[in-house]
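This report refers to the structure that appears directly beneath it.
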Amino acid sequence: MVDYEKLKRDIDKTLGIDLTSYKDQQMRRRINQWIERYQLQSYNQLVDTLKMDQEHRQKFTEYLTINTSNFFRDARVFEVIKDEVLPRISRGKRPRIWSAGASIGAEIYSIAILMNEARFTPSLLLATDLDESVLAKAKAGEYLANQIAGTSPQYLEKYFAKKGNDRWVIHENIKKEVVFKKHDLLRDRYERNFDLILCRNVFIYFTSETQHRLIANFVESLNPSGYFIVGSAEQIMDPAKHGLERVSYCIYQKTL
Ligand SMILES: C[S@@+](CC[C@H](N)C(=O)[O-])C[C@H]1O[C@@H](n2cnc3c(N)ncnc32)[C@H](O)[C@@H]1O
């Protein structure tokens, strides 16, 4: 236990990731699996390797931050986004939308495609993540079959170009609509005045105290009646306490 506390401090110093806000049990299990996979002898040896080996550092960061994602992830939620959320926030204005913990950009590009289909114009499509290597992948906009699996054949045809046998590249006109930025949800200042914030499949790794703190930050960042969407396994237990009400599934609206 003492060792793990020291490891958390060392990881913060070496990678800038504050593991004290993440669920201990889950993170320890993942780190132990990594140590086994690379046949390291101790937490100290892991830290030494991270300090010396840049490639190991990058791979470990990707592993630790778990950046699995795909286009139109959770189809039911994207139906509500298309039919209710985007039309409402685009009525008479150009909305500001933020995908927080955006990973490879599949979520924000899915939103950009739906906006384009409905001829809505965003004022800002912001996608942020802690991990710079996934942000680079998001900017490149190149995807494998499993990452575009939720995309309809019509959208694939209209918004992607096939590259080789197994890759799809998102069109430049969609790519250029999105602003990508490095942002740590635990440490960095939150921008304001958003009409829609998505933070899906990120909360699940944080302790419940941290989750509450972040929800409060997101609510502050929303415009009145703005929407906040979390992952399907991340329902907010007492939304009213945060000034939110549930619209459907894991979609919430600011009540003020
Ligand atoms: C499982 S992915 C979710 C991607 C996307 N939102 C989705 O639902 O498909 C989780 C992402 O959260 C990011 N993340 C983890 N901790 C973070 C933090 N403290 N600040 C910002 N992003 C973080 C990871 O780097 C990873 O890309």
Long-range amide H partners of residue 194, meaning residues 5 or more apart or on another chain whose placed amide H is closer than 5 Å, are 222, 223
Percent of all Cα-Cα pairs per 5 Å bin for region 75-254, counting from 0 up to the last occupied bin, reads 1, 8, 18, 21, 21, 16, 9, 4, 1, 0, 0
Given pairs 8/59; 13/137; 8/241 and cut-off 22 Å on Cα-Cα distance, the over-length ones are 13/137; 8/241
Computed for region 75-254: size of charge dipole around the Cα centre, +1 on C-beta of each Lys and Arg, -1 on C-beta of each Asp and Glu, debye to nearest 20, value 480 debye
dims of region 2-65, Cα set, principal axes, largest to smallest, nearest Å -> 26, 22, 21
Ranked output for segments 43-49, 130-136, 158-164 by mean other Cβ atoms within 10 Å, highest leading, reads 130-136, 43-49, 158-164
Calculated from DSSP helices alone, with each H run of at least 4 adding -39500 (n - 2.57) and the total divided by the residues of the chain, [θ]222 nm to the nearest 500 comes to -12000 deg cm²/dmol
One would report the antiparallel percent of DSSP beta bridges in the chain, rounded to the nearest 5, as 45 percent
The alpha-carbon center of region 189-256 and that of region 1-54 are separated, in whole Å, by 30 Å
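Since every read-out is calculated from the coordinates, none of them should be taken as a lab result. In this text, all values refer to a predicted model and were calculated from it rather than measured experimentally. Note that we place each Cβ from the backbone using ideal geometry, even for glycine, and neighbour counts take in every protein chain shown.
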